[in-house]
Amino acid sequence: MQLHDINQALRPSVVCSYLPNQDELDNGSLHPVYNVLAKSIESPNMAESPPASSPPSTSSSDQQTYRTWSNFFSILTNSASAETRAAYFAERDTLNEARDCARCDSDVAYLFKASPIITFMKHNIDLLGPSDGSASIGPHNIKCRKCTTQQSGGFSPDHGILLCANHFRNRGHLEDTLAHEMVHAYDHLRFKLDPLDLRHAACMEIRASMLSGECRWTREFFTRSQWGLTQQLQECVRRRAALSVRNRPACKDDLQAARAVNEVWESCFNDTRPFDEIYK
């Protein structure tokens, strides 16, 4: 997705604010500096946009298309065309935008109070950042938005974290995504990163997939139909890291992505900072 398209998708006027490839949806493929949140996410110095008085308007024909039983059952039985599926889910997301974003905001507030991994990551990010708290991650710089791309979140050093409110299955999925992006925020403060170096990108993705909990066995087994019993964690981290690296503009093909992951695997997979061990 081009930066211009992200700008349009995340314009401040947006309220809140099962996709074909589950890995691409889950892994949060937006990351620091490149392919990241655009400046349309409000900076700390930008005045807050007034809340919208009503959900995004949709035409009666759109609502009728969305609520058509024939479309619903064709998707349920996997007989719908790709165009029908895309239109159906796009209309669903538009109709549910205000609800999805409100639920996302509520879940974020809850997780910052009750989630062990989120509170732990926030504490360690605060320790690395300046004393004025300008690098802190919290509800104030986490934006819930409707996304049109197949990802669940992203991180920008300048603007914070994007959460794609229309792509979350439940609060646990949101928690994994938020933890993933907070690991990126930690790494941005802790290490000197070159945004154009695929090895740096691979290391970030290895650590984020490993430490966020998104590769735990139960998530792989029940959500992604990955039924391996041995080396499951390592295989998940490799797969998801390579997928994220492949989506970088500087990456030419799958082979280059896999090579970047392999080159940094030993050092990055064994680096569990700020945890003492892999969070499960």
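Just so it is clear, none of the values below were taken in a lab; they were calculated from the coordinates. Computed from a predicted structure; not experimentally measured. Cβ: placed from backbone, ideal geometry, glycine included. Neighbour counts: every protein chain shown.
Extension gain, residue 170 to residue 109: 0.36 nm times the residue separation minus the Cα-Cα distance gives 20.5 nm. Residue-wise HN-Hα couplings along region 233-248, as the Karplus relation 6.51 cos²θ - 1.76 cosθ + 1.60 with θ = phi - 60° gives them from phi, are 4, 4, 5, 5, 4, 4, 4, 6, 5, 5, 5, 5, 5, 4, 7, 6 Hz; Gly and Pro carry x. When 243, 128 are sorted by how many other C-beta atoms sit within 10 angstrom of their C-beta, beginning with the fewest, the order is 128, 243.
With a cut-off of 16 Å on the backbone N, the residues of region 165-201 near the modelled label site 7 Å out from residue 126 along Cα-Cβ are 186.
Counting neighbouring Cβ atoms within 10 Å and putting the fewest first, the residues 146, 192, 122, 252 line up as 192, 252, 122, 146. Cα extents for region 135-280 along the principal axes, largest to smallest and rounded to whole angstrom: 37, 36, 34.
The stretch between residue 119 and residue 82 holds 9.3 nm of extra length on full extension. This uses 0.36 nm per residue minus the Cα-Cα distance. Please find the FRET efficiency linking residue 140 to residue 96, where r is the Cβ-Cβ separation and R0 is fixed at 35 Å, and quote it to the nearest 0.05. Given R0 = 35 Å and the Cβ-Cβ separation, E is 0.90. Taking 11 Å as the cut-off, the amide N atoms of region 92-130 that come nearer than this to a point 7 Å along the Cα-to-beta-carbon line of residue 189 belong to 121-130.
If the chain linking residue 217 and residue 75 were pulled fully straight, counting 0.36 nm for each residue of separation and taking away their Cα-Cα distance, it would gain 48.2 nm.
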